[in-house]
Amino acid sequence: MQRPKFQDINSYEEFSKYYWYREELQAICKGLGLEYVGGKSRLNEIIRSYFDGVIIAHAPQVKSQPSTQKQLTLDTSLIECGFTFGQRFREFFISQTGDKNFKFTADMVATAKAVKENGDGSFTLGDLLDIKLGKKTYAKYDNSSCQWNKFLKDFCADEINGGYKDKLKVASKFWKLLRASDLPKVYSRQFIEQNKDRI
């Protein structure tokens, strides 16, 4: 089944059968006058609300206003300090944890982005550290954007695809077919065999 145009879809259940790129979700939301900032999971929530009759309108973004405050503490607001994933903040977290190999996690990135999008001035560096330590949850990394990468990896690992010269190009053609279908967006040998004549 080919993916219909958004305007021809009548329910969120039907909409969610198909794969949509983040840029497509943003364009849909923007076209409907809805909020269009955020990751795929947030945009899907906005579209779900739209189908439920709840309009989440686009609101102007609150820009970070870096503070003149020089000393960072666990109580420092993420927005006020102009937080970035740069060396200054990495060194701050190293000093707090004692972990010289401190690394930011995907959930920390998703959280910082959500905090800035929401204009949440109450969220602190201490809260962000709690995200790293698993003590709090604010926003989760959207793994759905990794579906293509997983499909490609599985396609290349399957020996039945060994005869293709340009695996990336062939895999992208299969992915395009899968993406437009209402099937789960995961690699399946059965799907490849059923659609090899279409490539």
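The values are calculated or read from the model by the stated rules, or taken from the named source; none is laboratory data. Just so you know, these numbers come straight off a predicted model, no measurement behind them. Neighbour counts are summed over all protein chains in view; Cβ atoms, including those assigned to glycine, are modelled from backbone coordinates with ideal geometry.
Some observations on this one:
- The residue that is surrounded by the most Cβ atoms within 10 Å (Cβ to Cβ), among those in segment 151-164 that are touching a helix residue (DSSP H, G or I) at 6+ places or on another chain (Cβ under 9 Å) and either over 29 Å from Val186 (Cα atoms) or of a type in the set (A, V, I, L, M) (or both), is Leu152.
- Residues in segment 86-100 that are touching a residue at least 12 places away in the same chain (Cβ under 8 Å) and more than 27 Å from the chain's Cα centre (by Cα): Gln96, Thr97.
- Just one of the listed residues (Lys136, Lys103, Lys113, Lys132) is without any contact (Cβ under 8 Å) to a residue 60 or more places away in the chain and farther than 17 Å from Thr76 by Cβ, namely Lys103.
- The set of residues in segment 101-126 being under 13 Å from the mean Cα position of the chain (by Cα) and either farther than 24 Å from Gln71 by Cβ or part of a loop (DSSP other than H, G, I, E, B) (or both) consists of Ala106, Asp107, Val109, Ala110, Lys113, Ala114.
- Complete set of residues in segment 34-59 that are within 18 Å of Ser11 (Cα to Cα) and not in a helix (DSSP H, G or I): Leu34, Asp52, Gly53, Val54, Ile55, Ile56
- Every listed requirement among (1) of a type outside the set (A, V, I, L, M); (2) assigned by TED's automatic domain parsing to the domain that holds Leu78; (3) modelled with pLDDT under 95; (4) surrounded by 13 or more Cβ atoms within 10 Å (Cβ to Cβ) is met by Asp127 save one, (3).
- Scanning segment 165-190 for residues that are polar (S, T, N, Q) and surrounded by 13 or more Cβ atoms within 10 Å (Cβ to Cβ) turns up Ser172, Ser181, Ser188.
- Any hit, segment 138-150, residues being within 17 Å of Phe89 (Cβ to Cβ) and crowded, with 18+ Cβ neighbours inside 10 Å: yes
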